[in-house]
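Asks: Pasting a structure below so you can have a look.
The values are calculated or read from the model by the stated rules, or taken from the named source; none is laboratory data. On a predicted model such as this, the values are computed, not experimentally measured, just so you know. Cβ atoms come from the backbone with ideal geometry, glycine included; neighbour counts cover every protein chain shown.
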Amino acid sequence: MKNFSKLLAVILCMVIALSTSACSLKPQYSYKTDDTELAIGVYIYALYSAYSQAESLAKETEGYDEEAGTYDGEKSFLKVQITDEDGVTATADEWIVNEADKSLKNLLAIEHEYNRLGATMDEATVEGYKTSAKEYWDYGPYYAMYGEQYKSPYSDIFEPLGVSYESFEYFYITSAKQEVVFDLLYADGGEKGVNDEELTKYFTDNYTNYTYFNTNMYETKEATSDEAGGAISENVAMSKDDVKKIEKNFKGYVDSLNGGSKVEDVVSKFMKDYELENDPSVSNVEIMENSAIGEDLVSAISELKEGTAANKAIGEENSKVMYLFYKGKIADKVDEYIKDATNRKSVLQNYKGDEFNTYIESVANSLDIEISKAVSKYTPSMFEE
């Protein structure tokens with residue numbers, strides 16, 4: 001999904017607080033083709049998004065001093081050499097300008113393909129995206145969930161930079177158009193159509209169906225007091241007898257699963273043994289190399305054969321955790337992920353996201369795009385002033 005989502009190089013849910021000086025918004029275009037014209041505010045927004053991404057990359061470099069907030073001894077990161085996830089290396093300021101340029105050209109390519117394919121969006125869908133954009137513009141990302149004390153309007157960030165609400169909203173609408181274009185191109189029967197048989201093969205070859213649960217092999221105890229009199233806790237390994245009991249229990253769960261027991265029955269047994277009211281197990285179907293569960297867990301699950309289980313203690317001596325891993329048959333999940341429209345789209349985007357990204361960039365390169373001289377007035381350094 002990351003490759004599909006990164007196409008516009010725009011983070012719609014940025015949470016960034018940056019003081020900047022005001023820039024006037026001029027009623028002129030930034031990039032345009034014969035049938036589409038992008039406002040200057042659209043370029044500023046893309047430049048700012050790229051600036052934020054470059055800052056994150058700069059903080060990953062060896063020269064970054066978190067305590068001092070400096071990069072190779074300098075407050076500015078714009079001359080730092082950064083490398084992105086595609087392996088592109090450049091000074092941050094060059095990278096930012098290039099990313100903003102690609103973003104604007106990709107926007108025009110999406111508009112071109114949307115029009116070429118005769119695509120449409122129903123009014124409810126458009127209004128939904130507009131509502132989301134307006135809520136973020138007026139209230140910020142946390143207001144709806146946490147209330148007035150977390151109100152942080154994006155308008156406070158972007159208006160001083162010269163980004164109007166219309167330019168901000170444009171990215172929401174175009175991200176919706178991007179999905180529509182993708183769906184039309186790769187739908188069964190589309191220009192680049194993928195049928196169920198092909199998608200099923202990709203799914204079964206690349207996805208893993210797994211479940212795991214765990215229990216701690218250590219206890220947390222209050223050890224000493226700090227200078228202020230507060231308690232300091234530390235982890236202490238369980239007794240050998242307690243550890244042996246855990247090892248015996250988990251071996252039993254493994255034997256049950258390998259003997260044909262259902263996962264839900266073994267989880268129920270685990271909950272009863274450890275007096276748990278809520279199901280603590282984790283089940284998922286995903287591409288393991290994209291998983292966020294951690295290298296140790298990914299490795300342990302990947303080593304299993306389908307339909308088998310294993311247990312493994314992971315961690316240091318005073319922080320070990322006993323895990324049970326079960327790899328189910330991926331074929332059991334085909335209907336759920338290929339016939340369900342939402343899941344199918346997710347699988348399809350993983351399958352064809354890179355190809356779609358390349359295709360849109362090729363369309364962008366084929367277009368006759370005019371860039372306004374006004375664009376050169378806006379540089380990454382404006383966000384540091």
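Asks: State yes or no: is Lys79 in contact with a helix residue (DSSP H, G or I) (Cβ under 8 Å, 6 or more places away or on another chain), surrounded by fewer than 22 Cβ atoms within 10 Å (Cβ to Cβ), within 24 Å of Lys377 (Cα to Cα) and without any contact (Cβ under 8 Å) to a residue 60 or more places away in the chain?
Replies: yes
Asks: Can you go through Asn214, Asn195 and tell me which one is closer than 30 Å to Asn106 by Cα, within 33 Å of the chain's Cα centre (by Cα) and modelled with pLDDT of 95 or more?
Replies: After applying the criteria, what remains is Asn195.
Asks: If I go through the range 278-318 residue by residue, how many of them are modelled with pLDDT of 95 or more, in a loop (DSSP other than H, G, I, E, B) and acidic (Asp, Glu)?
Replies: Total meeting the criteria: 3.
Asks: Could you look through the range 93-102, keep only residues that are of a type outside the set (Phe, Trp, Tyr) and surrounded by 24 or more Cβ atoms within 10 Å (Cβ to Cβ), and pick out the one that is nearest to Gly41 (Cα to Cα)?
Replies: Per the criteria, the residue is Ala100.
Asks: If you go through the range 178-220, how many residues are more than 30 Å from Thr358 (Cα to Cα), of a type in the set (Ser, Thr, Tyr) and in contact (Cβ under 8 Å) with a residue 24 or more places away in the chain?
Replies: The total comes to 5.
Asks: Looking at the range 332-357, which of its residues are over 19 Å from the mean Cα position of the chain (by Cα), more than 17 Å from Gly190 (Cβ to Cβ) and surrounded by 12 or more Cβ atoms within 10 Å (Cβ to Cβ)?
Replies: Those that are over 19 Å from the mean Cα position of the chain (by Cα), more than 17 Å from Gly190 (Cβ to Cβ) and surrounded by 12 or more Cβ atoms within 10 Å (Cβ to Cβ): Asp332, Lys333, Val334, Glu336, Tyr337, Asp340.
Asks: Which numbered condition in (1) surrounded by fewer than 18 Cβ atoms within 10 Å (Cβ to Cβ); (2) touching a strand residue (DSSP E or B) at 6+ places or on another chain (Cβ under 9 Å); (3) closer than 29 Å to Asp101 by Cβ is the only one that Ser302 fails?
Replies: (3)
Asks: Counting only residues that are at pLDDT 95 or above and assigned to a loop (DSSP other than H, G, I, E, B), which one in the range 76-86 is nearest to the chain's Cα centre (by Cα)?
Replies: So the residue we want is Asp84.
Asks: Can you pull out the residues in the range 324-338 that are in a helix (DSSP H, G or I) and either in contact (Cβ under 8 Å) with a residue 60 or more places away in the chain or touching a Cys at 6+ places or on another chain (Cβ under 6 Å) (or both)?
Replies: Ile330, Ala331, Asp332, Lys333, Val334, Tyr337, Ile338
Asks: Also, I was wondering about something else. Inspect all residues belonging to the range 106-124 and state whether any of them is within 23 Å of the chain's Cα centre (by Cα), among the hydroxyl-bearing types (Ser, Thr, Tyr) and assigned by TED's automatic domain parsing to the domain that holds Tyr29.
Replies: no
Asks: So, Tyr45, is that one over 26 Å from Glu166 (Cβ atoms), buried (at least 18 other Cβ atoms within 10 Å of the Cβ) and aromatic (Phe, Trp, Tyr) or not?
Replies: The answer is no for Tyr45.
Asks: Quick check on my filter: what residues within the range 245-261 are in contact with a strand residue (DSSP E or B) (Cβ under 6 Å, 6 or more places away or on another chain) and farther than 16 Å from Tyr210 by Cα?
Replies: Ile246, Phe250
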